[in-house]
Amino acid sequence: MSIDYGELIDALAEAAREAGEAILTIVRGGFDVEAKRDQSPVTEADRAAELVILAALARVAPGVPVIAEEEVAAGRIPAHDDTFFLVDPLDGTKEFVRGGDDYTVNIGLIERGQPRAGVVFAPATGMLHGGTVGAGAWVDEGRGRRAIRTRPRGEEVTAVASKSHLNQATIDYLEAAVGACGYISIGSSLKFCIVAEGRADIYPRASPTSEWDTAAGHAVLLAAGGVVDGPDGTALRYGKQAFLNRAFVATSGWKAPRLEPFLEPFSGGGDLPQGV
């Protein structure tokens, strides 16, 4: 199908905002927390947001398959070729359950194994990031879209680290790759967006994630001039077995050392990983 990417990114932004409002409605009314098979948390907000997004994508991109986190958890995975959406309706559920504001709604479009367009919306703050590869990235903080771009790597490097998933392998990798560096700690896919905005230089993840955790943020970062490599040093690709990423390194555009030597053996099977 022919895609108008300008119209699509606007539609994705609107869908993400609608899903964010569904989440906030549930927050205002209170919610229970359940445990999925892998013991990661899931709430009514995850499911409500995903239903909003699925309905919106059916309207704006009929015929494009949607791989969505809660649908996959329920065993519903549509047949797909090399063009499909990846949806995480509420990334950073742990932070969400704790009452934090660094959780996000994520919608990414994949073409031929690579992110092409995506939006990352933080309902609690109203901040919306978006990007289309080849057309640039932007952030909307409530006053309209402002273009964003990664920064060149300087002598002083800042790394973005996960609140919930920082491990020794990540620390060892950063010591070997960049030496002493500053840290920004934040949850969810906002880590990609911080690098895309030029506020940090590198975001390594030395443990598994699901592809829907990373697709939207990856698209924003690519559109802003960054790169995301898999553990072997080649570009991180999508549509892999079980939609799993073993690990990755995102940078502001420079080539980082391979992450693979710092990782434990990984079979690619087992339970789904628990977000970024």
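The values are calculated or read from the model by the stated rules, or taken from the named source; none is laboratory data. Everything quoted here is computed from the prediction, not taken from an experiment. Reconstructed Cβ throughout: ideal geometry from the backbone, glycine too, with neighbour counts over all protein chains shown.
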Q: Find all pairs meeting these conditions: Cβ atoms under 6 angstrom apart; at least six residues apart or on different chains; first residue within segment 174-195 and of a type in the set (Lys, Arg); second residue crowded, with 19+ Cβ neighbours inside 10 Å.
A: Lys191/Val160; Lys191/Tyr203
(Q) Between a residue in segment 127-138 that is assigned by TED's automatic domain parsing to the domain that holds Ala19 and any residue that is aromatic (Phe, Trp, Tyr), which pairs come within a Cβ distance under 6 Å, given they are 6 or more apart or on different chains? (A) Leu128/Phe121; Gly130/Trp138; Thr132/Tyr5
Q | Top-ranked residue in segment 156-169 [being in contact (Cβ under 8 Å) with a residue 60 or more places away in the chain and hydroxyl-bearing (Ser, Thr, Tyr); ranked as farthest from Gly99 (Cα to Cα)] | A | Ser162
**Q.** Looking only at segment 237-261, and only at residues there that are hydrophobic (A, V, I, L, M, F, W, C) and more than 14 Å from the chain's Cα centre (by Cα), the one that is farthest from Ala224 (Cα to Cα)
**A.** Ala242
Q) Restricting to segment 62-76, what's the tally of residues that are surrounded by 19 or more Cβ atoms within 10 Å (Cβ to Cβ) and of a type in the set (Gly, Ala, Ser)? A) 1
Q.
among the polar types (S, T, N, Q) and surrounded by 24 or more Cβ atoms within 10 Å (Cβ to Cβ): is that true of Thr214 in this structure?
A. yes
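Would it be correct to say that Thr104 is in contact with a Lys or Arg (Cβ under 9 Å, 6 or more places away or on another chain), of a type in the set (S, T, N, Q) and within 29 Å of Ile23 (Cα to Cα)?
Details: in contact with a Lys or Arg (Cβ under 9 Å, 6 or more places away or on another chain): no; of a type in the set (S, T, N, Q): yes; within 29 Å of Ile23 (Cα to Cα): yes.
In short, no.
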Q.
Considering only residues that are surrounded by fewer than 24 Cβ atoms within 10 Å (Cβ to Cβ) and at pLDDT 95 or above, which ones fall in segment 83-101?
A. Thr83, Phe84
Q) Within segment 156-182, which residues are exposed (fewer than 13 other Cβ atoms within 10 Å of the Cβ) and either touching a strand residue (DSSP E or B) at 6+ places or on another chain (Cβ under 6 Å) or farther than 25 Å from Ala137 by Cα (or both)? A) Gln168, Glu175, Ala176, Gly179, Ala180, Gly182
